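First comes the structure, then the notes that go with it.
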Amino acid sequence: MILIVDDKKENILPLKKILEVHGLESDSAESGEEALLKTLKREYALIIMDVQMPGMDGFEVVETLSGSSRTKDIPVIFLSAISKEKKYIAKGYESGGVDYITKPVDPDLLIMKVKTFLKLYNQNKELKDMRDLLSKEIEIRKETQQELMLANENLEVKVSERTSELTEKNDELEMRNHELQQFAWVVSHDLKEPLRKIETFVKLLRDRYLVPEEKAIDYANRTVGSASRMTSLINDLLDYSRLSSEVVPEEVYLEDVINEVLADLEHQIATKDAKIFVSNMPRLEGIPGQLRQLFQNIIGNALKFSKEGIAPQIDVSCERIGTKDFAGAISDNGQFCRITIKDNGIGFEEIYLDRIFVIFQSLHDRKSFEGTGIGLAIAKKIVERHNGLITAKSQPGEGTSFIVILPIGSNNKH
């Protein structure tokens, strides 16, 4: 919008027409005072100002506009039919005008100058807006940076406090764990000693004094069996508690471990005429005693839960895989091994899969199959201690396959 300031309407109308022909909007004021009031209410991109006016002349109006932050950047073109001398032209520029045109006005020259100053004004306005936006963005970023620094300092303090708290808790947990292990040892010793005596003396009573009494011998046998099961339970609990202690791993050849397990189970294998096949076992980093217990528990279960009248057949095999995943693809350079222990036993419903690895959980009647319900819980804990995975696949009457994933390590080979 262009503001035309002239005290004579007959001068304003031709100017408005010229501007209108070129598609330029204009407004008018018939005095300097009216012009100042209009600039307070509306924003103008250019002012065409007459010099000689009653009251405030054009110079005074422009000087006033230059003193206001709101209007100081509005370009002003002076028009004058009387004040054509150099001193008036110079005064026009000194007061803040951008150009000084004498009348009669050449319309083409006026339009050319108007468009030029409008373009400059708009460019300056865009630059100012951009500068204000950048200034605001810088302030926002400074505030954000200060907030981030403060938040980071608070976070560091909280992390430090939390780390210290976790360290204390971890130390306390280790101490409690050590105390628990000592307690387990003491309790197991204190429980096992009287059980041994009960079992020994009941056997003496049975063998020496109850020979003619069938019922008494049956009661004695039940007592001995209960004492024996209690001893097994204590030993299993002790084994379970030992798994929490820290042990340095070493290189283990799993084929040697499994052969030791088969030697320990020799009596059960011979009794059931079991056939056991072992192939392709790797070397890996682990804890030999725990790995021996892992395979003893799983193979022992395969012997225990065999079908009546059918010789157990157990296949222990291994394949190298690329990922820690039960469905991982076979890879010659894989960093994990997938060990499968497959039997032809009684099997179980897979809906109970989660239960078999829970301590004291048993899917079968303990009168038919003796056990404490701890063996597979120990197996799971051993596998997890070795940063591995364990699961099983089974169907009732079709046997069971236990699948164990264990890391091999970059320097280990089959």
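Computed about its Cα centre, the charge dipole of the chain is approximately 560 debye, with only Lys, Arg, Asp and Glu carrying charge at their Cβ. Take every Cα pair under 8 Å whose residues are at least 6 apart in sequence, average their separation, divide by the length of the chain, and the relative contact order is 9 percent. Within straight-line reach of residue 203, meaning a Cα separation under 25 Å, sit the following lysines at least 8 residues removed in sequence or on another chain: 192, 215, 367. Among the listed values [x] 40.9; [y] 30.4; [z] 23.0, the one computed from these coordinates for mean projected area of the Cα convex hull in nm² is [x]. Structural descriptor for segment 248-407: relative contact order 22 percent, calculated from alpha carbon pairs under 8 angstrom and at least 6 residues apart.
Between residue 56 and 32, 33, the built amide H atoms are under 5 Å apart, and every one of these is 5 or more places off in sequence or on another chain.
Think of the chain as a dipole: +1 on every Lys or Arg Cβ, -1 on every Asp or Glu Cβ, centred on the Cα centre; then among 209, 299, 122, 209 lies furthest on the positive end. To the nearest ten degrees, helix 86-95 and the longest principal axis of the Cα atoms of the chain are 30 degrees apart.
Can you sort 22, 267, 386 so the residue with the fewest Cβ neighbours within 10 Å comes first?
Ascending number of Cβ neighbours within 10 Å: 267, 22, 386.
Couplings for segment 57-62, taken from phi via the Karplus curve 6.51 cos²θ - 1.76 cosθ + 1.60 with θ = phi - 60°, read 7, x, 4, 5, 4, 5 Hz in order; Gly and Pro are left as x.
Evaluating 6.51 cos²θ - 1.76 cosθ + 1.60 at θ = phi - 60° for every residue in segment 335-344, the Karplus couplings come out as 9, 9, 10, 10, 9, 10, 10, 10, 10, 10 Hz, glycine and proline recorded as x.
Counting only alpha carbon atoms, the long axis of helix 32-41 and the longest principal axis of the chain meet at about 10°.
Taking 25 Å as the limit for the C-alpha separation, the pairs 324/393; 275/307; 8/128 exceed it in the case of 8/128.
Segment 260-312 and segment 1-60 have Cα centres spaced 107 Å apart.
How about residue 115: which aspartates and glutamates have a C-alpha closer than 15 Å to its C-alpha, ignoring those fewer than 8 places off in the same chain? Within the straight-line cut-off, residue 115 pairs with 20, 25, 99, 106.
Residues 198, 382, 374, arranged from fewest to most other Cβ atoms within 10 angstrom of their Cβ, appear as 198, 374, 382. For segment 160-171, putting each phi into the Karplus relation 6.51 cos²θ - 1.76 cosθ + 1.60 with θ = phi - 60° gives couplings of 4, 5, 5, 4, 4, 5, 5, 4, 4, 5, 5, 4 Hz, in residue order, rounded to whole numbers and with x for Gly and Pro.
Between residue 136 and residue 226, the modelled label-to-label distance comes to 8.7 nm, taking each label 7 Å out from Cα in the direction of the beta carbon. Dipole orientation for segment 2-105: of the candidates 69, 22, 46, 22 has the Cα lying most toward the positive pole (charges on Cβ; Lys, Arg +1; Asp, Glu -1).
The angle between the Cα long axis of helix 288-304 and the longest principal axis of the Cα atoms of the chain comes to about 60 degrees, rounded to the nearest 10. Placing +1 on the Cβ of every Lys and Arg and -1 on the Cβ of every Asp and Glu, with no other charges, gives segment 248-407 a dipole of roughly 320 debye about its Cα centre. Under a model in which nothing but the beta-carbon of Lys, Arg (+1) and Asp, Glu (-1) is charged, segment 68-162 shows a dipole of about 660 debye around its Cα centre. Straight-distance candidates among the lysines for linking to residue 41, with alpha-carbon spacing under 16 Å and chain neighbours fewer than 8 residues away dropped: 72.
Under the rule of -39500 (n - 2.57) per DSSP H run of 4 or more residues, summed and divided by the residues of the chain, what mean residue ellipticity at 222 nm is obtained, to the nearest 500 deg cm²/dmol? Could you put the intermediate results ahead of the total?
On the way: 11 runs with 219 residues, N = 414.
Roughly -18000 deg cm²/dmol at 222 nm, from the helical runs in the chain.
Taken together, the values in this text are just the output of simple stated rules run on the coordinates, not laboratory data. Keep in mind that this is a model prediction, so the values were computed, not measured. Cβ atoms come from the backbone with ideal geometry, glycine included; neighbour counts cover every protein chain shown.
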